[in-house]
Amino acid sequence: MSEMNRKTGIIGKKLGMTQVFAENGNVSVVTLIEAGPCAVIQVKTVERDGYAAVKLGFQEIIKTKRVNKPMKGMFDKISQKPHKLLREFRLNAAGSGNEQALKVGDVVTVAGFAVGDVVKVSGKTKGKGFQGVMKRHNYRGGPGSHGSMFNRAPGSIGASSFPSRVWKNTGLPGHMGAVRVTVSNLRVIDVKPEQNLLIIKGAVPGPTGNIVEITK
């Protein structure tokens, strides 16, 4: 079971950040993630679906009346309890080896991770709303005194006679944050299977309570 987890990935919830001390006294800033248990909802194969993947479910829904009929029918068909979150993890192209041992009804836990594993974590960043160019693009801004009236403004975006339009990707005010981001090369500091807890060195995307996906 642990080997299957190592191949598949897992869904988790960010609990917050803290620090841990090593035996030599070094301190590390870490993120606590409640990962799993995740039920295997569907296994896709190259022959049937064109690619190999496994769909995991996270957080069982207690009140089944909140599940719509299509979702309820899908879960009833596989004799599984409805789950609030579903995420799909791609397997290797062949879908062979230990990955093929996964089947509907299996449970993926943090037991498949070990101290020292290098993982990547994907999630949605904090939403910042509508922001100006200084916060959104780190513009320096203009003078803040003597009536310059050009303190936090973006400045000219004109292009004269050619090409007589605003260039693509020009830094302008707009919506900031709330986008999917993946942080790679994070190291697992500790694993606590009895608490479904992963302790990862460094920061992961999103605020406390954010749903993330951890893969190797």
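The values are calculated or read from the model by the stated rules, or taken from the named source; none is laboratory data. All values reported here derive from a predicted model rather than from experimental measurement. So basically every Cβ, Gly included, is an ideal-geometry build from the backbone, and we count neighbours across all protein chains shown.
What the table below lists for this structure:
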quantity	calculated
Residue pairs meeting the criteria (Cβ under 7 Å; at least 6 apart or on separate chains; first closer than 22 Å to GLY209 by Cβ, in the stretch 73-88; second modelled with pLDDT under 85 and of a type in the set (S, T, N, Q))	PRO82/THR64
Meets criteria (basic (Lys, Arg), without any contact (Cβ under 8 Å) to a residue 40 or more places away in the chain and loosely packed, with under 15 Cβ neighbours inside 10 Å) for LYS168	yes
Looking only at the stretch 100-131, and only at residues there that are part of a helix (DSSP H, G or I) and within 20 Å of the chain's Cα centre (by Cα), the one that is farthest from GLN195 (Cα to Cα)	GLY112
Tally of residues being surrounded by fewer than 17 Cβ atoms within 10 Å (Cβ to Cβ) and in a loop (DSSP other than H, G, I, E, B) across the stretch 62-79	5
Odd one out for GLN59 among (1) in contact with a strand residue (DSSP E or B) (Cβ under 7 Å, 6 or more places away or on another chain); (2) assigned to a loop (DSSP other than H, G, I, E, B); (3) at pLDDT below 90; (4) at positive phi	(2)
Qualifying positions in the stretch 132-142 - among the basic types (Lys, Arg) and part of a loop (DSSP other than H, G, I, E, B)	ARG140
Qualifying residue in the stretch 127-147 (condition: in contact with an Asp or Glu (Cβ under 9 Å, 6 or more places away or on another chain), closer than 30 Å to GLY36 by Cβ, in contact (Cβ under 8 Å) with a residue 40 or more places away in the chain and not charged (D, E, K, R))	no
So SER122, is it touching a strand residue (DSSP E or B) at 6+ places or on another chain (Cβ under 7 Å) and polar (S, T, N, Q)	yes
Neighbours by Cβ (under 7 Å, 6+ apart or cross-chain): first from the stretch 28-46, under 14 Å from ILE211 (Cβ atoms); second among the basic types (Lys, Arg)	THR31/LYS14; ILE33/LYS13; ILE33/LYS14; GLU34/LYS13
Answer from VAL166, VAL212, VAL204, VAL119 - the residue that is of a type in the set (A, V, I, L, M, F, W, C), out of contact with any Asp or Glu (no Cβ under 8 Å at 6 or more places or on another chain) and farther than 30 Å from ILE33 by Cα	VAL166
Pair list, Cβ < 8 Å and 6+ apart or interchain, from the stretch 195-216 residues that are among the hydroxyl-bearing types (Ser, Thr, Tyr) to residues that are assigned to a loop (DSSP other than H, G, I, E, B)	THR215/GLY9
